[in-house]
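See structure below.
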Amino acid sequence: MKINGQSYRTIWPDPDDNSRILIIDQRQLPHYFVIEPLTTLDGTVAAIRDMHVRGAGLIGATAGFGMHLAAIHSLPGKIEEALEHGAELLDKSRPTARNLKWAVERILRAAKNGKDDDEKKTLVFETACAIANEDAAFCKALGEHGVKIIEDLSKAKEGETVNILTHCNAGWLAFVDYGSATAPIYAARDAGIKVHVWVDETRPWNQGARLTAWELQQEGIPCTLITDNAGGHLMQQKMVDMVIVGTDRTTHTGDVANKIGTYLKALAAHDNNIPFYVALPSSTFDWELDHGSDIPIEERSGDEITTISGLTENGNIELIHLTAPDTRALNYGFDVTPARLISGLITERGIVAAEREAIHRLFPEKIIS
Ligand code: MRU
C-alpha cells in the first residue's frame with residue numbers, strides 16, 4: 001500500500017542486514033510515520049504485546065520474524081531450545097490471535113528439517129519470509145473474491161455509492177499488505193465502483209480513528225469516522241449497505257472473534273437485514289476449537305480505557321487522564337460473533353457460509369480427524 005505515494009509493507013527484513021526486521025510503529029500513527037528496527041526476540045515480543053504492531057496477520061508475520069531473531073542469536077547447538085523458548089514467549093504475547101500460534105508452529109516444523117544450525121537458520125528465515133509473502137498474497141486474493149459482493153450491491157443501487165461499515169482496523173496495517181476487510185474495498189475502487197466507508201472509532205485503542213481512517217485517506221477512499229455507538233442508528237436510517245470486518249480467530253464452525261464491539265454490530269446488522277461479512281486468510285482459522293466460547297479473550301490493562309493519547313499543539317504525542325483517579329476499568333480486547341449472525345466468510349479461496357461443513361469443503365486438507 002502507498003504512503004505519500006511510496007509503496008510499503010508493514011514488516012520487512014532490512015535488505016542489507018537480515019538481523020534487522022523493520023516495522024512501522026503503529027502507536028505513533030497517524031501523526032508520525034516511524035520505522036522501527038526489531039533486532040531481538042525480546043524486542044519483538046514487546047513490540048507485539050505493546051502494540052507497535054497489531055492485527056492478526058501482522059502479529060503472525062512478526063512472530064515468524066521473532067523466531068528468526070531467536071534463531072540467529074542462539075548459542076551453537078542450541079537452536080532448538082532457542083526456538084522453543086521463543087515460541088513460548090511469543091505465544092503468550094497476544095492470546096486471541098490465531099495467526100501467531102500458526103506462524104510459530106510453522107517455523108518450528110520448518111526448523112526440524114535442517115540438519116545443522118546453519119541450515120536450520122536458513123529454513124527459519126525463509127519460512128518467516130514465506131509467511132509474510134503468503135499473508136499479502138492471501139489478502140489480495142480475498143479482495144478479488146469479496147469485490148463481487150460490493151459489485152452486486154452497486155448494481156442493485158444502480159451505481160450509487162455503496163456504504164460499508166467496518167470496525168477496528170482490518171486494513172493493510174493489520175496484515176503485511178492489502179488487509180482483509182479493506183481488500184475488497186480497494187478492489188472495488190480499482191473496478192470503478194463508488195464506495196464510502198463508515199469507520200468505527202474502536203475504543204479504547206482507537207484503531208479505526210487512528211489507523212483505518214488514515215489508511216483509507218492515503219488510498220483516496222472516501223470515509224467518515226463515527227463513534228462506536230453510532231452504527232445501529234446508521235443502519236436503521238438505511239445509511240449502511242453492508243458490514244465487513246476482520247477476525248483474530250475463527251473456529252472451523254464459523255464463530256468469529258474480533259475486536260470488542262463487533263458482536264454488537266452483527267446484532268444490529270441482523271436486526272436491519274444488512275449483510276455482515278467477515279474477511280480472513282485461512283491462517284486465522286482455528287481447526288481445533290468447535291465453539292467460539294472457547295476462544296481465549298485477551299484482557300488488557302484498564303489504563304487503556306481510563307487514559308487516551310493524542311497529538312498536542314506542541315507536536316508531542318501525550319497521554320491524558322479521562323477518569324477520576326482509581327476508577328476501575330475492565331478491558332476485554334475481543335468478543336465473539338456467533339456464526340448464525342454472519343452472512344459469509346470471505347477467504348482466499350472464495351466466499352463460504354460460516355458453517356462447519358461448508359468451511360471443511362473449502363479447506364479439506366485442514367481437517368483434523
Ligand atoms: O487489538 P488489535 O488492534 O490487534 O485488533 C485487531 C482486530 O481486531 C482486527 O479487526 C483483527 O486483527 C482482524 S484483521 C487482522
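Side notes on the structure shown:
- Any hit, region 188-202, residues being outside the structural domain of Leu29 (by TED's automatic domain parsing), under 18 Å from Thr347 (Cα atoms) and not β-branched (Val, Ile, Thr): yes
- For region 258-308, the candidate set comprises residues that are small (Gly, Ala, Ser) and within 15 Å of the ligand (Cβ to nearest atom); within that set, the residue that is farthest from the chain's Cα centre (by Cα) is Ser301.
- Test set (1) over 28 Å from Val352 (Cβ atoms); (2) in contact (Cβ under 8 Å) with a residue 40 or more places away in the chain - Glu299 fails condition number: (2)
- Filtered by the rule that a residue be of a type in the set (Phe, Trp, Tyr) and within 22 Å of Gly60 (Cβ to Cβ), region 274-308 gives Tyr277, Phe285, Trp287.
- Of all the criteria given as (1) surrounded by 19 or more Cβ atoms within 10 Å (Cβ to Cβ); (2) hydrophobic (A, V, I, L, M, F, W, C); (3) within 21 Å of Glu348 (Cβ to Cβ); (4) not assigned by TED's automatic domain parsing to the domain that holds Thr247, the one not satisfied by Phe125 is (3).
- With respect to the conditions (1) more than 12 Å from the ligand (Cβ to nearest atom); (2) buried (at least 24 other Cβ atoms within 10 Å of the Cβ), Ala156 falls short on a single one, namely (2).
- Ile193 surrounded by fewer than 24 Cβ atoms within 10 Å (Cβ to Cβ), touching a Ser or Thr at 6+ places or on another chain (Cβ under 9 Å) and among the aliphatic types (A, V, I, L, M): yes
- Residue tally, condition in a loop (DSSP other than H, G, I, E, B) and within 16 Å of the ligand (Cβ to nearest atom), over region 52-99: 8
- For region 149-171, the set of residues classified as part of a helix (DSSP H, G or I) and more than 22 Å from the chain's Cα centre (by Cα) consists of Glu151, Asp152, Leu153, Ser154, Lys155, Ala156, listed by residue number.
- Looking across Asp335, Asp290, one residue alone is in a strand (DSSP E or B), at pLDDT 95 or above and among the acidic types (Asp, Glu). It is Asp335.
- Subset tally (residues that are surrounded by 18 or more Cβ atoms within 10 Å (Cβ to Cβ) and free of Cβ contacts under 8 Å to residues at least 40 places away in the same chain) for region 327-358: 1
The values are calculated or read from the model by the stated rules, or taken from the named source; none is laboratory data. Every value quoted in this text rests on a predicted model; they were computed, and no experiment measured them. Every residue, glycine as well, gets a Cβ built from its backbone with ideal geometry; the counts of neighbours run over all protein chains shown.
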